[in-house]
1. Which Cys residues of the chain have no other Cys Cβ less than 4.7 Å away and so no disulfide-compatible partner by this rule?
2. If you average 1/r over every pair of different alpha-carbon atoms in the stretch 303-365 and take one over that average, what Kirkwood value in Å do you get?
3. Taking the Cα-to-Cβ direction at Ala176 and at Ser311 and moving 7 Å from each Cα, how far apart do the two end points lie in nm?
4. Tell me, what is the FRET efficiency for Ala186 and Thr56 to the nearest 0.05, using R0 = 35 angstrom and their Cβ-Cβ distance as r?
5. Which links in Lys151/Lys191; Lys151/Lys304; Lys36/Lys86; Lys113/Lys191 stretch past 31 Å when you go from one Cα to the other?
6. Could you sort Arg399, Arg128 by their accessible area in this structure, using a 1.4 Å probe and putting the largest first?
7. Taking just the C-alpha trace of the stretch 336-438, give me its Rg and Dmax in Å.
8. I need the phi-derived Karplus couplings for the stretch 166-180: 6.51 cos²θ - 1.76 cosθ + 1.60, θ = phi - 60°, integer Hz, Gly and Pro marked x.
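The values are calculated or read from the model by the stated rules, or taken from the named source; none is laboratory data. Computed from a prediction, not measured in an experiment: that's the story for all the values here. Methodologically, a virtual Cβ is constructed for each residue, glycine included, from the backbone with ideal geometry; neighbour enumeration extends over all protein chains shown. Ligands, DNA and RNA are excluded from the accessible area calculation, which covers all protein heavy atoms including side chains. Shrake-Rupley method; radii C 1.70, N 1.55, O 1.52, S 1.80 Å.
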Amino acid sequence: MRRLTPVLALGALLLTALPAHAVDDGPAHRASYGTKAPYEPQQSAHTYQRPPAGYTAVFTENVSRHGSRAATDGEDGDLVLALWDKAREQGELTGKGEEFGPCVRALTAAMEKAGYGDLSGRGRQEMRDTATRMERRLPTLFAEIAGQGEKIDVVSSGQGRAVDSAEEFTGALVAADPALKPLIGATRTDKDLLYFHKAAGGAAYRDYLANDQRLKDTLNAIEDQPRTHEAAHSVLRRIFTEAFVDRITDQVGAAQAVYRLYAIAPAMSEESPDGDGWGMERFVSRPDAEWFGYLSDAEDFYEKGPGFSDSDITYRMAGVLLDDFFQQAEAKRAGTSELGAELRFTHAEEIIPLAALMGLPGSTGPATPGEAYTYAGNPWRGASVAPLGANIQWDVFRRGDRYLVRMLYNEKETAFRTGCRPIEKGSTFYDLDELERCFGRG
């Protein structure tokens, strides 16, 4: 989350209503974690539609965000612990505040041990479980891959947590069927495909982040509201005395650091003393967590997601990844592919714009310039669009010379964007030719 900076303009964008309980994204607090929410499959394995009569699965491809991880650095822990140590020396901790320091020290020690930015135990298990469910959904496909000696291609961004996610995922496939092991290629790196926000194709996007004044003004206006300062004071007051809070120069920055530790804690649940979590919700009330979660979502919405309605700068670069999905399916149809599966591992910076480009649920509504993104006015939620371990999967089925595609989004059968016609009303299966037409590839 950005550090608060003075408002430059757009006073009309200010909103005063707490987003609070406008949307319930599952268990208590889940929505407030934003894109740090741990992964949960969104559909029961027993409720998927069966493919039409005579169709068999011949190919599957996915793109997955890496699994749950530790924070990328220790900055937040260092900041809040420095304040905590000072308050303890001065006798200005609350009852809850006495518990806060030891909790944060244990959490930061666990993240240091796991490796900042690296997969946690939960993240590794998320990848293994997702792979196991994929194999169980498509048993005949993986049996055919093993029987016919088809290849499984594995590609990642090259970043450690994505490479490790690929290893955990493919390891689970091998555990399910050891005959797959020699068919799984070494994980290769393709930054243009799976780290495009930092590659050549993301140059215009990076310029937008660095220099677009409208973006800066909008985010500043959203952040610099009375509710932000109220939430910051509330968070800090749970830990420190009123007099100590009054002496903190940057209350919002300090409270955001507490919030970010709260948000990453569930991703580190397996490393907690009891294996069930760190109890960080003791230090951040639900309304305050939801407010800071909203601010985090607003930043991701404008910097990575649907953004402004008159611009596609945040998601246009994801076209390279969508093209690859089509090219892999088309190669299978053409008989020019030796692959039974294409597995890709990447980051939120790729999943979020791809979801916007494809018009996936929750990512269909950009913000009108001059009207701020709000929870009440827009369904976009980081915890739903791109939680840790988020994935998009296309399964290809064949009967004769006709090929159908089914899409799963976080393992939920999902319709393609408006204008794409399924093979029949209510079906989750689409003719590949129809998808090419709908996406303008013909």
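1. Unpaired cysteines in the chain: Cys103.
2. So the Kirkwood estimate lands at 12.8 Å.
3. In this crude label model, Ala176 to Ser311 measures out at 4.2 nm.
4. Given R0 = 35 Å and the Cβ-Cβ separation, E is 0.75.
5. Exceeds cut-off: Lys151/Lys304.
6. Arg399, Arg128
7. When restricted to Cα atoms, the stretch 336-438 yields Rg and Dmax of 15.7, 52 Å.
8. 4, 5, 5, 5, 5, x, 5, 4, 5, 4, 6, 8, x, 5, 7
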